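The values are calculated or read from the model by the stated rules, or taken from the named source; none is laboratory data. Quick caveat, the model's predicted, so the values are computed rather than measured. Positions of Cβ are generated from backbone atoms using ideal geometry, with glycine treated the same way; all protein chains shown enter the neighbour counts.
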C-alpha cells in the first residue's frame, strides 16, 4: 500500500517536524502545511509513523491510532497489539520523565511534556485493559492506571497555575495537553449517574461539566498538537454523548463552528465528513446527513470499521424516515461485516422485517421470527459483561421462542427510544407525525388477551406521549405518560417503561416551567427503581435532566482544581 513518494515524504515530515519538539523549536507553519496531507486520510497516513522508539510524541500518536482501530474492531489481536504498543509508548515517555517526584517542581520543558504524554498513555492503557480482560485483577489494574493519570493531570494543572512556573518555547503544547486531560476528566465524570459519582468522590475523583467544556474550548482555540484532540472531544460531546447519554442539550451551533474550519481545509477528511453527518442528523436534516455519510465512506477505503460507523448512522437515518427496507440493508451489512454486536444487528434486522408484509420480506430471504430466535445465540461479552443494548435485544426477542409467538409492537420505534432518536425526529413535524401514524397502526394490532398486553400497551403509550410532546400537544402527552404509571403494577416484563415514563414526564414538566414537580418526578425515577433494562443509560439521562433543572455546574462535588 503506497501514497506515492511525494505524499509519503510529506507525511514523514509531519511527524518528524510536528511532534519532535523536545529538543528543537516547534515549526508550526510547516506542521500546519503537512497536516493537510495527514487529515485528508488519517488512517492511511498512520502506516508511515516512525521513530516511535526515541520520540514520545511519535510513540504516543502511533499507539493512539492503533487504539482507535482496536476500539472500532473489538478484534482481540488489534486490542493486544494496541496494548503492547501503548505500553512501549509509556516506556518511551518514562525515559524523559523527571526522576524524582512532584515535590520537586523544577521541571525542564521536556520533562513536563513527558508527564503529559505519560498521563495520556496511562489513561489509554486503562481503557484497553477494561476492553481486553474479564477478571477482577485486570479491572483493579485498569482503575489504578486511571487514578494515576487523573492525579498527574491535577498536579500538572497546579504547576501551570503556580507563580514559579516559567513557560518555555513549547508552552502552548504543554498547556494544551493539560487542558485536554483536565477538561476530559471533568466532562466525563460530571455526566456520570449520582450513585457512581459518590463512589468516585470517595476515591478522590470529581468533575464539573462547565469547567470541563471551558478547558476543552480553550485547548481547541490554539494551534497546538492537542487542539485537534480537544476539538474532536468537543464534537463527540455535542454530537454523541449529550444525545445518547443525555437529554440532547449538546450545542449544535458550537459543533458547527468547531467543524467548519476543518471541512474548509480538508473537504475529503473522513472524520470531518462523519461529524458533519452527525450534525445534520441532530438538526433533523436526514437527506443531507445521508449524503455526508455516503461521502465519508467514499473518502477512504483502508479502515472498513469506519464505514461501519457510517452504516450504523445510515441505518438510523432510514429508520427515522420509516424506510424499513433501506434500514434493513444497513443492519444486514453490519451483521455481515462488523463484530461489535451480532445479536443487536440480528434483532434490528428482525425489527425492520416485522414492519413489512410477508410479500415484501421475500426478496431478503429471511423472516422476523427466525432472526429474533437467533438473537440469544449471538450474545457476547466485552470486558466480562454483556452489552446493555444486546441484553435488551435478547429480552425483547424471547417471546419469539414459543411456537406461536406474540409479535412485538413496532420494535424499531422502541429501539429508537433507547438511542434517543425522538429528539431527532422531534425537530421536524412531518417525521414526528409519520412516526405517530406508525404507532396508531401498532395500537390497532394490539391483542388484549395475551400476557404481554399491558406491557405492549404501555410501550405504545410512552412512545405516543413522546411524539405528542414534540408536536406541542403537551396535555395529551402527559396523559400517556401518566397512563404508563397507572399500570405500573400490571407490567410483567418491560419494567424499564415506568422509570422512563417518569423521566419523560419530568422533562415535560420542566419545559412547562413546573420545575419542582419535574425534579420530584426525576428523583422518583432515580431513587425508586433498579435492575431494569438499560438502567445505566436511563440514569445518565436523569443526571443530565437534573443538572439542567437545577441550573448548576456542579454535580454535588468539588471540581478538579480547587479554584478554577
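List of remarks:
- Per-region count, region 491-510, residues in a helix (DSSP H, G or I) and over 26 Å from the mean Cα position of the chain (by Cα): 1
- Of all the numbered requirements in (1) within 23 Å of the chain's Cα centre (by Cα); (2) modelled with pLDDT under 95, residue 404 misses one, and that requirement is (1).
- Every residue from region 500-525 that is surrounded by fewer than 22 Cβ atoms within 10 Å (Cβ to Cβ) and farther than 12 Å from residue 469 by Cβ: 513, 514, 515, 516, 517, 519, 520, 523, 524
- Here residue 406 meets the list (1) part of a helix (DSSP H, G or I); (2) touching a helix residue (DSSP H, G or I) at 6+ places or on another chain (Cβ under 8 Å) almost entirely, failing just condition (1).
- Residue identified as at pLDDT below 95 and surrounded by 22 or more Cβ atoms within 10 Å (Cβ to Cβ) among 293, 272: 272
- Within region 215-225, restricting attention to residues that are surrounded by 24 or more Cβ atoms within 10 Å (Cβ to Cβ) and within 20 Å of the chain's Cα centre (by Cα), the residue that is nearest to residue 156 (Cα to Cα) is 215.
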